[in-house]
Ligand code: VGL
Ligand code: ZN
């Protein structure tokens, strides 16, 4: 597969959601075939760079005793603890030097699944003329879903890169795609 830079137009942005070691096989919260998104997204990164399209990468970045962890009564195994190896972006993801890193999940009182949740991202992107987001990453049914729905609610066009994402559960992934389509995202 090879993505053409002509996929993009001015006002586009490539958003890579939580492509982190802990979400890949062998990690703390492994998503089946999670690492397979890396090669797909590298192709989109290359095309975005050729087209001069900005690239943002979000990361789940939790305090050690985050409320989303099972030992705190939350739903997830301990994952993406700040500054641990598992919290690193996947080493094979070919990010350009000028990538914008967006950190989320740092709050003690609530989780932040969406890259738009209390990060200031929406007004920032609007101020830079961004109109459309191409979105991939992990996980389809958790942080990618939340990010896509918030992007739509903020009025951005969204293209979901289906091959560039994987779900925690198959059923959750199918439901997430349906929710995104209903919200007006283009699934491709
Ligand atoms: C995520 C579960 C817990 C994600 C983050 O990035 O999709 N999933 N924290
Ligand atoms: Zn998390």
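Results, tabulated for the structure shown:
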read-out: Matching residues, the range 62-97, being outside any strand (DSSP E or B), buried (at least 17 other Cβ atoms within 10 Å of the Cβ) and within 10 Å of ligand 1 (Cβ to nearest atom); value: 66, 68, 79, 80
read-out: Residue check for residue 168: buried (at least 17 other Cβ atoms within 10 Å of the Cβ), touching a helix residue (DSSP H, G or I) at 6+ places or on another chain (Cβ under 9 Å) and more than 24 Å from residue 62 (Cβ to Cβ); value: no
read-out: Verdict on residue 22 being within 16 Å of ligand 2 (Cβ to nearest atom) and at pLDDT 95 or above; value: yes
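The values are calculated or read from the model by the stated rules, or taken from the named source; none is laboratory data. Just so we're clear, the structure is a prediction, and the values are computed from it rather than from any experiment. Quick reminder, even Gly has a Cβ in these numbers, built from the backbone with ideal geometry, and neighbours come from all protein chains shown.
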